[in-house]
Ligand code: NAD
Ligand code: ISE
């Protein structure tokens with residue numbers, strides 16, 4: 001039996017997820033699509049899939065058992081609330097929503113429903129290199145993690161569509177989530193420093209140097225560069241009490257020619273995280289088939305939203321912006337170990 005899925009938002013990542021749901025993964029079928037751009041939805045619809053007039057029609061259709069949201073961040077709240085009201089498991093691309101209040105509304109609805117329905121698209125947690133790195137930290141052989149360095153470089157971002165807030169409320173959310181997950185910790189404060197502006201992005205505020213203060217006292221420094229030109233470069237290194245654990249360089253064919261000896265760098269997130277996206281959907285399909293969700297939760301999406309809000313506040317004030325997450329609903333499990 002295949003899980004019948006409806007995809008909302010058929011832009012860049014929506015099309016890539018439709019490709020993996022139809023051509024790569026098994027046990028799933030894209031039975032419907034919807035987009036405010038009906039022409040784009042029709043062009044992206046796989047053979048046999050219904051093109052729904054609105055996301056609400058798709059969510060409520062008896063043909064659709066589970067939903068994948070790939071629309072713009074500001075549209076996520078309403079679509080998530082509709083999925084929860086319909087009792088349908090939903091995979092929602094990051095950011096979960098675009099304000100802390102919206103995240104709390106989604107959490108309240110899911111808690112009232114009584115069982116997890118939402119998985120957030122923090123795909124790094126499904127990447128084999130990050131999983132091996134976490135296993136080393138959790139194994140404890142290097143002692144406690146003290147500092148983490150997260151480097152997040154994009155070759156370029158869409159001109160005009162990607163604004164100066166987005167390095168913090170669209171891109172940093174991945175580093176915030178992976179830091180919490182890797183270190184088993186919570187973010188309690190954020191500082192941001194603005195280095196010399198890159199001329200690559202015109203007026204765009206880029207790059208950013210972000211410092212996350214963790215509840216354990218560990219510190220995370222994050223470089224966000226979104227117009228670095230040479231490629232999509234993601235790095236991570238954890239400094240512990242008696243050693244260092246780092247992500248490896250991605251294996252790539254070594255080319256030797258008149259320009260020297262070199263290895264290709266991924267162009268963008270689609271290439272760098274291709275296996276991680278596949279794996280996050282494998283695990284989602286299993287959970288959704290059982291009427292629930294696994295992996296990054298609404299609570300995790302809320303945490304990343306608070307970090308984004310605090311980072312924007314820190315840019316404006318030049319000061320440390322503090323975060324108070326409030327109590328964690330029992331639905332989302334115990335407080336993180338090292339966050340106590
Ligand atoms: P995009 O602009 O290429 O596509 C977004 C699509 O959503 C468009 O086709 C647009 O018409 C549609 N849309 C907007 N509002 C809608 C609404 N109310 N109802 C239905 N459709 C609507 O953007 P994208 O790059 O595909 O990003 C989509 C989402 O995925 C964003 O939240 C983004 O942050 C996230 N994303 C995640 C990753 C990742 O690595 N996990 C990578 C890229 C994008
Ligand atoms: C994009 O939306 C993503 O989520 C990518 O993973 C990230 O690297 C990029 O900066 C975002 O704009």
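The values are calculated or read from the model by the stated rules, or taken from the named source; none is laboratory data. Because the structure is a prediction, the values reported are computed rather than measured. A quick note on method: Cβ atoms are made from the backbone with ideal geometry, for glycine too, and the neighbour counts reach across all protein chains shown.
Test residue 172 against the stated conditions and say whether it is on the phi < 0 side of the Ramachandran plot, in contact (Cβ under 8 Å) with a residue 40 or more places away in the chain and within 12 Å of ligand 2 (Cβ to nearest atom). Walk me through it before giving the result.
Details: on the phi < 0 side of the Ramachandran plot: yes; in contact (Cβ under 8 Å) with a residue 40 or more places away in the chain: yes; within 12 Å of ligand 2 (Cβ to nearest atom): yes.
Yes: the conditions hold for residue 172.
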TODO: Provide a single number: the residues in segment 37-73 that are more than 23 Å from the chain's Cα centre (by Cα), surrounded by fewer than 17 Cβ atoms within 10 Å (Cβ to Cβ) and either modelled with pLDDT under 95 or assigned to a loop (DSSP other than H, G, I, E, B) (or both).
DONE: 8
Task: Filter result (within 15 Å of ligand 1 (Cβ to nearest atom), more than 30 Å from residue 102 (Cα to Cα) and either surrounded by 15 or more Cβ atoms within 10 Å (Cβ to Cβ) or free of Cβ contacts under 8 Å to residues at least 24 places away in the same chain (or both)) within segment 259-299 - done: 266, 272
Task: Filter result for the condition that a residue is in a strand (DSSP E or B), crowded, with 17+ Cβ neighbours inside 10 Å and either without any contact (Cβ under 8 Å) to a residue 60 or more places away in the chain or more than 16 Å from ligand 1 (Cβ to nearest atom) (or both), over 182, 146, 212, 133 - done: 212
Open item on the list: Among the listed residues 5, 28, 97, identify the single one that is more than 8 Å from ligand 1 (Cβ to nearest atom), within 23 Å of residue 297 (Cβ to Cβ), under 19 Å from the mean Cα position of the chain (by Cα) and buried (at least 21 other Cβ atoms within 10 Å of the Cβ).
Closed with: 97
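Quick check on residue 171: is it at pLDDT 95 or above, in contact with a strand residue (DSSP E or B) (Cβ under 7 Å, 6 or more places away or on another chain) and within 12 Å of ligand 1 (Cβ to nearest atom)? So that I can check it myself, show each step before the final result.
Working: at pLDDT 95 or above: yes; in contact with a strand residue (DSSP E or B) (Cβ under 7 Å, 6 or more places away or on another chain): yes; within 12 Å of ligand 1 (Cβ to nearest atom): yes.
Judged against the criteria, residue 171 is a match.
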Open item on the list: Go through (1) buried (at least 21 other Cβ atoms within 10 Å of the Cβ); (2) more than 27 Å from residue 175 (Cβ to Cβ); (3) more than 16 Å from ligand 2 (Cβ to nearest atom) for residue 10 and report which single condition fails.
Closed with: (3)
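Can you go through 235, 205, 197 and tell me which one is outside any strand (DSSP E or B) and either touching a residue at least 24 places away in the same chain (Cβ under 8 Å) or closer than 14 Å to residue 307 by Cβ (or both)? Can you show your working first?
On the way: 235 fails: outside any strand (DSSP E or B); 197 fails: either touching a residue at least 24 places away in the same chain (Cβ under 8 Å) or closer than 14 Å to residue 307 by Cβ (or both).
Going through 235, 205, 197 in turn, the sole match is 205.
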Open item on the list: Of everything in segment 111-129, what is more than 16 Å from residue 332 (Cα to Cα) and away from ligand 1 (no atom under 14 Å from the Cβ)? Give them in sequence order.
Closed with: 128, 129
Task: Which numbered condition residue 161 fails, given (1) within 12 Å of ligand 2 (Cβ to nearest atom); (2) part of a loop (DSSP other than H, G, I, E, B); (3) touching a residue at least 24 places away in the same chain (Cβ under 8 Å) - done: (3)
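Select from segment 5-31 the residues that are in a strand (DSSP E or B) and either under 18 Å from residue 54 (Cα atoms) or in contact with a helix residue (DSSP H, G or I) (Cβ under 6 Å, 6 or more places away or on another chain) (or both) and list them in ascending order. Explain how you work it out, then say what you get.
Here is the first cut: in segment 5-31, the ones in a strand (DSSP E or B) are 5-8, 28-31.
The answer is 5, 6, 7, 8, 28, 30, 31.
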Open item on the list: Every residue in segment 13-58 that is out of contact with any strand residue (DSSP E or B) (no Cβ under 7 Å at 6 or more places or on another chain) and within 16 Å of ligand 2 (Cβ to nearest atom), please.
Closed with: 13, 15, 16, 20
Task: Candidate set from segment 74-89 (those that are within 16 Å of ligand 2 (Cβ to nearest atom) and surrounded by 15 or more Cβ atoms within 10 Å (Cβ to Cβ)); member that is farthest from residue 288 (Cα to Cα) - done: 75
- [ ] State whether the residues of segment 13-24 include one that is surrounded by 14 or more Cβ atoms within 10 Å (Cβ to Cβ) and more than 26 Å from residue 272 (Cβ to Cβ).
- [x] no
TODO: Just need a number here: residues in segment 101-120 that are within 16 Å of the chain's Cα centre (by Cα) and either more than 14 Å from ligand 2 (Cβ to nearest atom) or more than 11 Å from residue 302 (Cα to Cα) (or both).
DONE: 3
Open item on the list: Under 7 Å between Cβ atoms, which residue pairs at least 6 apart in sequence (or on different chains) link something in segment 99-120 that is modelled with pLDDT of 95 or more with a partner that is loosely packed, with under 14 Cβ neighbours inside 10 Å and not in a helix (DSSP H, G or I)?
Closed with: 113/87
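Residues 223, 203: which one is over 18 Å from residue 94 (Cβ atoms), within 17 Å of the chain's Cα centre (by Cα) and away from ligand 1 (no atom under 16 Å from the Cβ)?
Numbers: 203 fails: within 17 Å of the chain's Cα centre (by Cα).
The conditions single out 223.
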